[in-house]
1. Run down A:Thr148, A:Thr137 and say which single residue is among the β-branched types (Val, Ile, Thr) and over 18 Å from the mean Cα position of the chain (by Cα).
2. What's the number of the condition B:Ala76 fails, among (1) touching a helix residue (DSSP H, G or I) at 6+ places or on another chain (Cβ under 7 Å); (2) crowded, with 20+ Cβ neighbours inside 10 Å; (3) over 15 Å from B:Leu132 (Cα atoms)?
3. Which of the residues spanning the range A:119-163 are under 30 Å from A:Gly291 (Cβ atoms) and surrounded by fewer than 21 Cβ atoms within 10 Å (Cβ to Cβ)?
4. Quick one: is B:Ala219 surrounded by 23 or more Cβ atoms within 10 Å (Cβ to Cβ), under 16 Å from the mean Cα position of the chain (by Cα) and among the small types (Gly, Ala, Ser)?
5. So A:Pro52 fits all but one of (1) part of a helix (DSSP H, G or I); (2) touching a residue at least 12 places away in the same chain (Cβ under 8 Å); what number is the exception?
6. Output the residues belonging to the range A:196-210 that are out of contact with any Asp or Glu (no Cβ under 7 Å at 6 or more places or on another chain) and either among the basic types (Lys, Arg) or modelled with pLDDT under 95 (or both).
7. Scan the range B:33-88 for residues that are more than 20 Å from A:Leu29 (Cβ to Cβ), facing another protein chain (nearest Cβ under 7 Å) and of a type in the set (Gly, Ala, Ser) and report the count.
8. Taking the stated definitions as given, is A:Leu197 among the hydrophobic types (A, V, I, L, M, F, W, C), closer than 20 Å to A:Leu63 by Cβ and in contact with a Gly (Cβ under 9 Å, 6 or more places away or on another chain)?
There are 2 protein chains.
Amino acid sequence: MGEFDFIARHFRPLAGEGAMELRNDGAILSLSAGQELVLSSDTMVENLHFLPDDPPETVAQKLLRCNLSDLAAMGAKPYRYMLNVSVPPGRHYDDSWFGRFASGLQADQNMFGLSLLGGDTTGSPKGLTLTLTILGTVPKGQALRRDTAKEGDSVWVTGSLGKAALGLQARKNRLDDPDGTLTQAYRVPTPRVGLSLYGIVNAAMDISDGLLQDSGHIAEESHVSITLYESLLPFSPAVRRHLEQWRETILLGGDDYEILLTCKAEREDDLQKHCQLNNVAVTKIGMVTAGRGVTMLDTNQQPISFSRTGWQHF
Amino acid sequence: MGEFDFIARHFRPLAGEGAMELRNDGAILSLSAGQELVLSSDTMVENLHFLPDDPPETVAQKLLRCNLSDLAAMGAKPYRYMLNVSVPPGRHYDDSWFGRFASGLQADQNMFGLSLLGGDTTGSPKGLTLTLTILGTVPKGQALRRDTAKEGDSVWVTGSLGKAALGLQARKNRLDDPDGTLTQAYRVPTPRVGLSLYGIVNAAMDISDGLLQDSGHIAEESHVSITLYESLLPFSPAVRRHLEQWRETILLGGDDYEILLTCKAEREDDLQKHCQLNNVAVTKIGMVTAGRGVTMLDTNQQPISFSRTGWQHF
């Protein structure tokens, strides 16, 4: 199976307008007047970001949805994507695997309204490596940013926290996940595309590296301090039941792909109404103050100190 | 060295407008009215597309220039790029290596007028994997394509052929390259950006997979036949001296990154004048006729049959 056949079979059916059926080295993209493009890119590597025995459909969906989440965090609408695939030798990643991989992409293309624009296919010395570069559109000047949190804002998060971090542990057989919801959350995140929070929130980003670390990004880049309250954090029942044993995993864990927001007091009602209209839970979890860094307070209002290294810069 | 320090040290200095200093997961891009975006992406993998002891500056330049060549083939002007880097464990790809890699990118950013917009950094189980997605601009509707060659067009190529294919053999110590020009051509191609051939040529693409295979793409996608004349092919003296011994390598070899063009008779003068103005050699090497596939005729006007498999579809 040559590169051209491989592309024709699996990826051509995913190609949309401007992709020229993937027959060209380049693709062409137009923008409506008054629109800007938002771009983001994520690379996923076998055994680092997914496991070889994960269902191919969910590997595809995770790859696409991590990127969709970056668009969601900036308030952009999904438009197109580029896909680069480096395939290791061996029989595991065969036609059947890529057929299922492509069907996962197709399902999410339909759900989120975007199409494949181009990319590249190469070999890999070891491990499947996948890079997806996503393009979204946003009205000019209306992209949400992470460096615009203001003193006095409250801090909010969509959905609930910790499911994906526990799902990874469940995948490694370190905890039980009787109905599979944790594993599913790890494999197929729910990007919060479709919210229109420009003019309502001051700052936004998605939680991919964990609540504490990503709050740190907002704090650092907005030159403010953030205080989070453990007692306010939203957990699903499946997560809450593991909270005692896996507290640090849940509080530091990544892969949630929820949106972390800061909002001034006068717009809190609008934020809640807008999220309710879109069937997205949103919870106030902290405050933005003057200063630097992130502090998480436990139920006794004492700062929690975490054991993991790498957090000193908070 | 964490991911954030790594990015800050090596890649932040390369970031341009819209990249938000690489502090955001996404980047923002505007387009002037009347412009379209041209996108292309190439992945390069250690030992497949470059060798671990290649100078890091030239690895960076090859990665960027392969993509620049795709823009050149479509008549687009370089604008921005996304860079994804998957770094294997071990000491080889250290701070010093990436410092030199970034300086190669910086030199080419200055030369070709583009800047870094975003990307991602991950680990790799084995082998450095590099993906670069390039964005260029072109006046609306003026991108050159490969599926628009017409019966009666002549076929042209910029520069000269075979240097890079021989350079790869020289890298493997299979032939001598006393002044290093062949090796240099393999390591650092010269993308033909800056030509404005819209309205002059009918079809264009860059030669990355080899003259014969890429001519086949134009033929297949334009639904025409292409005849090439070996006696007309432009070779540099360094290539010509190896022609007898390495004929098939030279005729089939890739990585030239020259532009293959088709042009109707009435515009041949304009093509030659435009290329001369831009100090780019351009040579007529064949004809487009009705039919299918590509034929290369030797100096006795006999079709050359090549030993390599995979060419049957011509």
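The values are calculated or read from the model by the stated rules, or taken from the named source; none is laboratory data. This is a predicted model, so every value here is computed, not measured. No Cβ is skipped: glycine too gets one built from the backbone with ideal geometry, and neighbour counts run over all protein chains shown.
1. From the options A:Thr148, A:Thr137, the qualifying one is A:Thr148.
2. All conditions are met except number (1).
3. Listed by number, the residues that qualify are A:Gly141, A:Gln142, A:Asp147, A:Thr148, A:Lys150, A:Glu151, A:Gly152, A:Ser154, A:Ser160.
4. no
5. It fails just one condition, (1).
6. A:Ser196, A:Asp209, A:Gly210
7. Residues that pass the stated criteria total 1.
8. Answer is no for this residue.
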